[in-house]
Amino acid sequence: MTVKRLAPGDAAPDFTLSDADGNAVSLSSLRGRRVIVYFYPAAMTPGCTKQACDFRDSLPDLTAADVTVLGISPDQPQKLAKFRDKEGLTFPLLSDPDHEVHLAYGVYGEKKLYGKTTVGVIRSTFVIGPDGILEQAQYGVKATGHVARLRKELGV
């Protein structure tokens with residue numbers, strides 16, 4: 001399974017997905033703002049919880065810098081709502097159960113997990129400029145320390 005990866009300078013593929021409450025959220029509605037879109041494998045797993053809580057804890061500074069955060073996973077909205085409520089997450093978690101958006105961003109495919117090759121979500125983060133163009137495309141990021149490094153790169 002070969003997946004086409006995106007690169008800085010590419011147009012960010014637009015999408016409309018349901019959030020944890022079933023409301024539609026469109027990337028195009030956020031034009032004019034910088035947006036961080038991060039993809040994670042599964043709500044309520046240790047690495048994904050660590051990453052989501054790091055984004056939550058950084059949100060006041062990111063918001064002050066006019067940066068919006070969106071998290072996307074294959075989880076159903078009901079599971080995302082439980083995850084949001086359990087961890088006090090204050091940014092939208094979006095559901096992509098058919099992997100349509102994952103595939104558009106090149107974040108669903110072969111990956112190594114504990115030395116074995118599997119097919120699944122490749123933890124990745126994208127920074128999209130106010131014009132809808134990718135400023136950063138980071139594939140295979142680690143959950144721990146990623147948000148701090150991203151904030152440093154963004155000067156936030």
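Results, tabulated for the structure shown:
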| quantity | calculated |
| --- | --- |
| Residues (closer than 16 Å to ARG149 by Cα and of a type in the set (A, V, I, L, M)) located in the stretch 36-63 | ILE36, VAL37, ALA52, LEU59, LEU62 |
| Matching residues, the stretch 72-106, being touching a residue at least 60 places away in the same chain (Cβ under 8 Å), farther than 28 Å from ILE133 by Cα and not hydrophobic (A, V, I, L, M, F, W, C) | ARG84 |
| The stretch 100-119: number of residues that are modelled with pLDDT of 90 or more and in a loop (DSSP other than H, G, I, E, B) | 3 |
| Pairs, first outside any loop (DSSP other than H, G, I, E, B) in the stretch 4-15, second not hydroxyl-bearing (Ser, Thr, Tyr), C-beta under 8 Å, six or more apart | ALA11/GLY132; ALA11/ILE133; ALA11/LEU134 |
| Given (1) among the small types (Gly, Ala, Ser); (2) modelled with pLDDT under 95; (3) touching a helix residue (DSSP H, G or I) at 6+ places or on another chain (Cβ under 7 Å), number of the condition SER58 does not satisfy | (2) |
| Residues being of a type in the set (Gly, Ala, Ser), at pLDDT below 95 and buried (at least 16 other Cβ atoms within 10 Å of the Cβ) - total across the stretch 128-156 | 1 |
| Single match in VAL147, VAL156 (criterion: touching a residue at least 40 places away in the same chain (Cβ under 8 Å), assigned to a helix (DSSP H, G or I), of a type outside the set (S, T, N, Q) and closer than 25 Å to GLY32 by Cα) | VAL147 |
| Residue tally, condition polar (S, T, N, Q) and either assigned to a helix (DSSP H, G or I) or surrounded by fewer than 14 Cβ atoms within 10 Å (Cβ to Cβ) (or both), over the stretch 46-75 | 4 |
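The values are calculated or read from the model by the stated rules, or taken from the named source; none is laboratory data. Because the structure is a prediction, the values reported are computed rather than measured. FYI the Cβ positions are ideal-geometry reconstructions off the backbone, even for glycines, and counts take in every protein chain you see.
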